[in-house]
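Chemist: Take this structure, written in structure tokens, and hold onto it; I'll ask about it next.
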Amino acid sequence: MTVAASALAALAARGWTLGVAESLTGGAVASELVAVPGASAVLNGAIVAYATPVKHTLLGVDDELLRAHGPVHAEVAVQMADGVRDAVRIDGRRADVGIATTGIAGPDSPDGQPVGTVHVAVVTPDVSQSEAFLFDGERTEIRAQAVDAVLALLDRVMRE
């Protein structure tokens, strides 16, 4: 069983729904999840908030936080994960869980942080957790590692 399938099964066992907010991964997390048969029972939707202002306007990330620290920050990831829960609500019910990725895949860094800096987050009704990474590799490898990291974090949180 893949990590994505494991996480989706754990969500389904709780009767919880999921929203995905992505930046550097550009939809790859959602793609990994929808590859699992039956994902539609859990996954409400996903948003690729690639441009920094979209993180504020669509996901509700605090504008002051973005101005002070930029989009690659642990609290930005947490706020993206929380904000997507509202953004993908159905019939007024927000998703129970939100996950998010933000980081710098390269080849250059727009804000001086090292290429490979990635923050992932999971927000549930009970937990708000983020993890920071400094991945090695080319752009494609960094993005793939970010996908793996957020799905692993989701799976761990769902099984705690």
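Chemist: Would you calculate a helix-derived [θ] at 222 nm for the chain, using -39,500 (n - 2.57) for each DSSP H run of n ≥ 4 and dividing by the full residue count, to the nearest 500? Provide the component values of the computation, followed by the final result.
Modeler: Working: 6 runs with 67 residues, N = 160.
My calculation for the chain gives -12500 deg cm²/dmol from helical runs alone.
Chemist: Along the charge dipole of segment 4-160, which of H56, G137, M158 sits closest to the positive end, that is, farthest toward it, with unit charges on the beta carbon of Lys, Arg, Asp and Glu (+1, +1, -1, -1)?
Modeler: Going by the charge dipole, the pick is M158.
Chemist: Something else: How large is log10 of I(q)/I(0) for segment 44-109 at q = 0.25, 0.27 Å⁻¹ when the intensity is taken from the Debye formula with one equal scatterer per alpha-carbon?
Modeler: Results for segment 44-109 at q = 0.25, 0.27 Å⁻¹ read -1.05, -1.18.
Chemist: OK, next. Antiparallel as a % of all DSSP beta bridges within segment 1-98, to the nearest 5?
Modeler: Roughly 10 percent of the DSSP beta bridges within segment 1-98 come out antiparallel.
Chemist: Averaged per residue, what accessible surface does segment 1-146 expose to a 1.4 Å probe, in Å²?
Modeler: Details: 6700 Å² over 146 residues.
It amounts to 46 Å² per residue over segment 1-146.
Chemist: From the residues P114, A95, V72, which one has its Cα farthest along the dipole of segment 36-149 in the positive direction, the dipole being from +1 and -1 charges on Cβ of Lys/Arg and Asp/Glu about the Cα centre?
Modeler: It is A95.
Chemist: Now, a different point. What percentage of the solvent-accessible surface of the chain, computed with a 1.4 Å probe over protein heavy atoms, is contributed by carbon and sulfur atoms?
Modeler: Working: 3810 of 7290 Å².
Taking all protein chains in place, the chain shows 52 percent carbon and sulfur surface.
Chemist: To continue, here is another question. Let a ≥ b ≥ c be the square roots of the eigenvalues of the Cα gyration tensor of the chain; is it rounded (a/c under 1.5), or, if not, prolate (a/b larger than b/c) or oblate?
Modeler: On the way: a/c = 1.90, a/b = 1.33, b/c = 1.43.
It comes out oblate by the Cα gyration axes.
Chemist: Just grab the label-to-label distance for I90 and Q113, each label 7 Å out from Cα along the Cβ direction, in nm (one decimal).
Modeler: My value for the distance between the label points is 3.2 nm.
Chemist: Could you give the size of the charge dipole of the chain about its Cα centre, using +1 on the Cβ of each K and R and -1 on the Cβ of each D and E, expressed in debye and rounded to the nearest 20?
Modeler: Using Cβ point charges on Lys, Arg, Asp and Glu, the chain gives about 440 debye.
Chemist: May I pose another question? Just to be sure I understand the rule: take each whole DSSP H helix in the chain, project its Cα atoms onto its long axis, keep it if the span is 18 Å or more and its mean Kyte-Doolittle hydropathy is at least 0.0. Which ones pass?
Modeler: Helix filter hits for the chain: 74-87, 139-159.
Chemist: Between E131 and E64, 0.36 nm times their residue separation minus their Cα-Cα distance comes to what?
Modeler: Length gained between E131 and E64: 22.0 nm.
The values are calculated or read from the model by the stated rules, or taken from the named source; none is laboratory data. For clarity, every value in this text was computed on a predicted model and none was experimentally measured. Heads up, the Cβs are rebuilt from the backbone with ideal geometry, glycines too, and the neighbour counts pull from every protein chain shown. The area values use the complete protein model at the heavy-atom level, side chains included, leaving out ligands, DNA and RNA. Shrake-Rupley method; radii C 1.70, N 1.55, O 1.52, S 1.80 Å.
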